[in-house]
Amino acid sequence: MKQRSSWHSAALDGLTMAIVTGLSLLLLIYVGTGEAKRTFTQFQIEKLAALGRSLQSNMEHFLRPGLPLKQFVGFRTSAVSLLTSDNTLASVAAFDASGQIVFEAGREPAELLLGMEPIAQDKTLPFSAWQNDTTLQVILPLRNRFENVGSLTLSMPLAVVEERVAESFKPVLLASAVAAVGFGIFVAMQASQLAGRRRRWMQVVYGLIFTSISAIVIVTLVSLYSDGARAKTKGLADSLGQRIDNVLELNLNILEVQGLEKVFADFKELNSDIRSAGLVIDGKVAIHTNSASIGRPWRSNSNDYEYLLDVGTSAGRSVQVAVSVPGDIVVRQTIRSVKNFAALFLASAFMAGVFLQFAGSVQMAKRPRDALDAVPDATEDQRALLLVKPVFFVAVLSEHLTYAFLPQFIQAAALNAGLSEAAASLGFTSYFIAFASSLIPAGFFAQRRHGARPLMYLGLVFSAAGLSILALYPTFEAVILARILSGLGQGMLFIGVQSYILATAARSERTQGNAIIVFGFQGGMISGMAIGSLLVTQLGPQGVFLIGSSVAFVMMLYTLVVVPPVKMNAATAAKARSILTDIADVVRSFEFLRTIMLIGIPAKAVLTGVIIFALPLLMQAAEYRQEDIGQVLMIYAVAVVISSAYISRTVDRSGQTNSVLVIGALLSGLGMVVIGLTANTDHGLLTSSSMVSTLMLVLGAATVGAAHGFINAPVVTHVVNSKLSRQIGEASTSAAYRFLERIGHVAGPLVVGQLFAFYGQSPTIILQIGIGVAVLGLLFAIRPTPYNDLASEREES
C-alpha cells in the first residue's frame, strides 16, 4: 500500500512538472513568435516599399510639372509587372489627395488604409505602413513641385506573415512538447532521488531544457530574418529591373543607351540600405555603383544578401540586374531582435521560477503531515517563507502587466470624458495615495489580532477587482475607482507579506526574509512589464486586464488554501497601541529620522525621480528606441535582485547594517554620476549613436540598481531590529517606515521635474543629484548607529 502511494505521488510530481515546464515553454514560444511577427512584418514592409519606389519615381516625374494624376500613362503595365514579380502582392493602387481611387491592379480590391492601425516606423523614412485585420499596406506619397497630390499603395495579406511564422515554429512546438513530457517522466522516475539537496538536479535539468528551447527559438528567428532580407533584396532587384526592362522593350543595344549609370547611382541613393547595384551582361559587369567592379566577371560576395535578376536580352546577349544588401543589416536586425528576446527570456525565466515554486508549494501543502518533510534540512518557519514567496511576486506581476500601456489607456478615458490629457495623472495619483493610505491601518490590523494572511487575500481581491473594472468599465470615473482599489489592494498585500515574514522568520534571517519583498517587487515588475507589453499587441488592453485579474484571483485562492496562518506573538500584541502613538514615537526617534531622511527617502526619490521619470525622458530625447529604454530599466531591476540576494545574506551573517547602507548610498551616487557624464557638451543631451555613451548609461543604471540592493532590504532590517521596534511592535515600526518612505516616491518626480523645468533636460542634473545622494550617505556615516540599538536615545531619556 505504501509502495502504491509512493508511486502515485511520484506520478503526480512528474505530471505537475510536465505541466509547469510546458506552460513555461509555451510562454517562451509565444514571446518568440511575437518577436518574429514584428520583425518579419518589418522586412515585408521594406520589401513593399522597395517594390513601389520605381513606380513612385516615374509617377512623380510625370506629376512634377503640375499635370493631373489621372492623366498618368502606364500605371497598369507597371503594376502588373510588380504583381507578377512578387506573388505575395495583393494589389497596387493610386489614390488622389481626397482618398479616391484613381488606378488599381491586383487580385483583390484596393482600399486606402490610411487612418486605420499604424505600424511604427522611423519618422525619417519616406513612406508609412498601415494594417487592418487582414491586410498590410505601404503608402508612398505622390508629390508635384508644391504639394502632395496623392498616394501609391502596395498591399499584401497579413496571412503571409502569420502562416510563415506559424510554419517556422511548428518544430519548436514539437520539441517543447517532447521536452516537457520528457522532463515529467524524468521527475517521476527519479522522485526518490531528487529529495533534499539533490533537488538541485531537477533545477539544472529544467534550466538546460529552457536554454535549449531558447536556442532553437533564436535559430528560428535568424532563419526568418534571413528569408525576410532575401525577400527585400529581391524586391529591390525587381524594382530596378523594371527600369531596365523598359529600355529593353525598345529593342535598343543597352550599352548604347546614355544615362544608365545615373539610373543605377540614383537607385542606390534612393535605397540607402543597399551596398551596390549593377548591370551584368554575359557574366561581366557593365555598369556598377562601385566603379572598380566594372569590366570584371560578376562574383558573388558571401557576406552580402544578393539577388541576380534576369531581365532579358540585348543584341543577343543576356542582361541581368544585380543588387546586394550588406549582411550586417541582417545581423543588426538579428542582434536587436535577440536583445529584445533576451529581455523577454529573462521575464520567462522569472515566471518559470515562480511556476516551479508554485508547484513545489502545492506539493508541500497536499498533506499537512508530509509537508513538514517536503523540504529537508529546513525549519517550519523557513518552509512558511517558501510558501509565501510566490504571493507577492505574482501580485506585483499582475499589476505591472498593465504598465506598458496604462498611461495611454487612462488618457484615452480622460479624453472620452471631455477632460484634458493632464487629467490622466489622476489615475496614478489616486493609486499611490491609496497605496500609502493603506499601510498604517494594515500594519495595525496585522498587529492587533487578525494576523497577516487576511491582509494578503483581501489585498489580492481588491487588486483583482480593480483590474476587472478596467476591463469591463473603461469610463474615466471607473478607471479612478479601479486605481484606488488596486492601490489599496497592493498596499494591504505589501504589509500582509511583510508582517508574515516578521512573524515567521528567525531573527538572524530577517534580512533574507525582507529580500523576498525586494525580489518579488523587482522580479514581478520585470516579468509583468515585459510580458504585458507583448500580450497587449495580441489581446488588447481589456484582454491583459482580465488576465491580470485572473492571476490575482488564482493567487488569492492559493493564499487561502496553501499559505499556513500565523499569529503575532503575545508580547507584541500586548504592546499594541494606537497608530497615531506609533507614528509619534518613530518620528521622535532621532536615529529613525536620520535613517529615513539620509537613506530611505533619497533611495525612493532616486527610483521614481531618476530611474523611472528622468532616464526615459533623457533617452527619448536622444532618440533611443522604446525597447532600449525599457531594457535599461530592466537592467536596473535585475541589478537590484542580484545585489539583494548576496547582501541580505551578508547582513544576516555580520549583523552590520550601517556600513552596508553607507556603501549603498555612495554607489547610488556613483551610478548617477556615470549617467551624468554621458552629457553632450554641446547641447547637454545623450546621443544614441555613441556606443560609449550607451555603455556608460547601462553601467550607470546597473550601478544604481546594485546600490539599491544594498539599501532596500537592509534598511528595513535596520529599523525593525531595534529596541523601538520591540516596544511599539515590529509591524507598526515597519509600516510606519514604509509609509514615511513614500515621501520619496512622491518627491522624486516633483523635484526632478522642477529641475528639468528650470535648467533643461540634461544628464548633468542627474550627475548633481548623484553627488547630493553621496553626500547624504557620508552624513549618515558620521555617526554610525550600533546594530540593534536604533532607539537607544529614547530609552536613555
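The values are calculated or read from the model by the stated rules, or taken from the named source; none is laboratory data. Since the structure is predicted, the reported quantities are computational estimates derived from the model, not experimental observations. All Cβ positions, glycine included, derive from the backbone under ideal geometry; neighbour counts span all protein chains shown. Accessible surface areas use protein heavy atoms only, side chains included; no ligands, DNA or RNA. Shrake-Rupley method; radii C 1.70, N 1.55, O 1.52, S 1.80 Å.
When segment 196-241 is filtered for residues that are modelled with pLDDT under 75 and not aromatic (F, W, Y), the ones remaining, listed by number, are G196, R197, R198, R199, R200, M202, Q203. Filtered by the rule that a residue be under 16 Å from N148 (Cβ atoms) and touching a Leu at 6+ places or on another chain (Cβ under 7 Å), segment 58-82 gives M59, E60, L63, L69. Mind checking whether some residue in segment 397-413 is open to solvent by 60 Å² or more (accessible area, probe 1.4 Å) and modelled with pLDDT of 80 or more? Looking through segment 397-413, none of the residues is open to solvent by 60 Å² or more (accessible area, probe 1.4 Å) and modelled with pLDDT of 80 or more. Quick one: what pairs do we get from segment 554-571, first residue assigned to a helix (DSSP H, G or I), second at pLDDT below 75 and of a type outside the set (F, W, Y), C-beta under 8 Å, 6+ apart or different chains? Close Cβ pairs satisfying both conditions: Y558/S361; Y558/V362; V561/A365. Condition (residue is closer than 22 Å to G520 by Cα, crowded, with 22+ Cβ neighbours inside 10 Å and more than 23 Å from the chain's Cα centre (by Cα)) applied to segment 633-648: is it met by at least one residue? Yes, that holds for at least one residue.
When the residues of segment 573-593 are narrowed to those that are open to solvent by less than 20 Å² (accessible area, probe 1.4 Å) and under 29 Å from G664 (Cβ atoms), which ends up modelled with the lowest pLDDT? Within segment 573-593, the match that is modelled with the lowest pLDDT is D582. Here are the criteria: (1) touching a Pro at 6+ places or on another chain (Cβ under 6 Å); (2) modelled with pLDDT of 80 or more. Tell me which single one S438 does not satisfy. Here S438 clears every test but (1). Taken over segment 18-27, the residue count meeting the criterion of being at pLDDT below 80 and either among the acidic types (D, E) or surrounded by 23 or more Cβ atoms within 10 Å (Cβ to Cβ) (or both) is 2. Report whether or not M525 is open to solvent by 10 Å² or more (accessible area, probe 1.4 Å), assigned to a helix (DSSP H, G or I) and at pLDDT below 85. Yes: the conditions hold for M525. Residues that are open to solvent by less than 40 Å² (accessible area, probe 1.4 Å) and at pLDDT below 80 within segment 652-672 comprise D652, G655, listed in sequence order. In segment 607-627, which residues are farther than 15 Å from V704 by Cα, open to solvent by 10 Å² or more (accessible area, probe 1.4 Å), touching a residue at least 60 places away in the same chain (Cβ under 8 Å) and assigned to a helix (DSSP H, G or I)? Listed by number, the residues that qualify are L617, A621, E627.
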